[in-house]
Amino acid sequence: MKLRIAPFVLMLAATAVLADEPAPIALGAAVPKADVKMKNVDGKEISVADVRGPKGTLVIFTCNHCPFVKQWERRIVDLGNAYAAQGIGVIAINANDPKVNAEDGFEAMQQRAKERGMKFPYVVDADSGVARAFGASRTPEAFLFDKDGKLVYHGTIDDNGKDAAQVKEPYLKDALAAVVAGKTPPKQETKALGCSIKFRSEG
């Protein structure tokens with residue numbers, strides 16, 4: 001009897017996990033909670049609206065400890081720095097609870113931003129409210145908005161987190177290049193791959 005019930009129980013558990021994940025905002029949507037101020041690694045308070053670029057805005061939910069983030073981190077920073085210089089506003093947001101993993105704490109964020117040479121804000125989503133409003137569930141997870149503030153790309157960075165040299169589909173890079181050129185990204189949605197966001201308690 002146990003052998004017959006176990007698969008069903010596992011299926012229900014998996015379904016429950018999926019049901020708990022927030023649904024991401026739809027293509028064409030505007031930036032949610034754009035004016036919410038978040039603490040940057042330089043100590044200043046900044047919002048997504050504050051970094052909006054003339055060509056578009058890239059919001060990346062990330063953290064310090066996630067192994068998926070670590071695989072893609074150099075590419076994320078390189079893309080962020082490069083396109084920030086081309087009219088894209090860029091902001092990285094850490095919505096993880098440092099009580100779950102101390103490596104996601106503010107001082108560690110400051111150190112990581114300095115070590116990686118981030119030329120864009122890396123902020124704390126203090127109550128995970130911004131991540132919840134976006135429907136973000138993974139780290140890393142990218143949301144790219146065009147010059148009109150409409151979502152035109154959502155998902156992962158590229159098709160090979162483990163080996164940059166083996167990337168065949170640079171989804172985010174292609175999307176950024178298209179937005180800078182005033183065009184629609186060739187692929188607008190991909191599956192975000194990474195660690196689950198360790199949301200902070202509400203209230």
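Please treat every number below as a calculation from the coordinates, not as lab data. All of these numbers come straight from a predicted model, not from anything done at the bench. Every residue, glycine among them, receives a Cβ derived from its backbone with ideal geometry; neighbour counts consider all protein chains shown.
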Cysteines in the chain lacking a second Cys C-beta under 4.7 Å: 63
Proximal lysines relative to residue 44, as straight alpha-carbon distance under 23 Å, when same-chain residues fewer than 8 apart are discounted: 33, 99, 114, 119
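Tell me, rounded to the nearest percent, the portion of alpha carbon pairs in segment 24-69 spaced more than 16 Å apart.
Values: 540 of 1035 pairs.
Tail of the P(r) past 16 Å holds 52 percent of the pairs.
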Length added when fully stretched, residue 30-residue 42, from 0.36 nm per residue minus Cα-Cα: 1.6 nm
Residues with amide H under 5 Å from that of residue 89, placed H, sequence gap 5 or more: 53, 55, 56, 57, 58
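If you restrict to DSSP beta bridges whose two residues both lie in the chain, what percentage is antiparallel, to the nearest 5?
Values: 17 of 28 bridges.
So the antiparallel bridges amount to about 60 percent of the total.
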Net length gained if the chain between residue 181 and residue 196 were fully extended (0.36 nm per residue, minus Cα distance): 2.1 nm
Selected from 111, 166, 188 as most flexible by GNM, with the chain as the system and alpha-carbon contacts under 10 Å: 166
Candidates 82, 30, 192: whichever shows maximal mean-square fluctuation once the chain is modelled as a Gaussian network with Cα springs under 10 Å: 82
